[in-house]
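J.: First, the structure itself, so that you have it in front of you.
The values are calculated or read from the model by the stated rules, or taken from the named source; none is laboratory data. Note that this is a predicted model, so its numbers are computed, not measured. All Cβ positions, glycine included, derive from the backbone under ideal geometry; neighbour counts span all protein chains shown.
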């Protein structure tokens, strides 16, 4: 699900992030969503990229991306970094841990 802000981001910004942070082809015929690209960039940034993301999106939008992230999109270390940074600047609650996949072997 895309938001108005992610739709309004410059296409070259998203393309640049996708080239930099994805080294594998998309699965299936659908392109990656802006939210997926941004979450991957949040998971692997250097400090320059952190500042660029904050300037382009703002802290509230970055918090939204964290809250929409699917399991595996943002690693634990990056989650903790962004969680502290964004909770402090936005005052919004963000879960302690990144979403994880769960497999219920009992339901098979």
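J.: Tally the residues that are touching a helix residue (DSSP H, G or I) at 6+ places or on another chain (Cβ under 7 Å) and over 15 Å from residue 100 (Cβ atoms), restricting the search to segment 40-53.
T.: So the count comes out to 7.
J.: Can you name every one of the helices (runs of 4 or more DSSP H) wholly within segment 19-108 that holds 3 or more residues which are in contact with a strand residue (DSSP E or B) (Cβ under 7 Å, 6 or more places away or on another chain) and under 24 Å from residue 9 (Cα atoms)?
T.: Hits in segment 19-108: none.
J.: With the checklist (1) buried (at least 18 other Cβ atoms within 10 Å of the Cβ); (2) in contact (Cβ under 8 Å) with a residue 24 or more places away in the chain in hand, flag the one item residue 53 doesn't pass.
T.: Condition not satisfied by residue 53: (2).
J.: What number of residues within segment 1-12 satisfy the criterion of being at pLDDT 90 or above and either in contact with a helix residue (DSSP H, G or I) (Cβ under 6 Å, 6 or more places away or on another chain) or assigned to a loop (DSSP other than H, G, I, E, B) (or both)?
T.: 0
J.: Next question, about the same structure. Look at residue 86 and say whether it is without any contact (Cβ under 8 Å) to a residue 60 or more places away in the chain and crowded, with 18+ Cβ neighbours inside 10 Å.
T.: Here the answer is yes, as residue 86 does meet what is asked.
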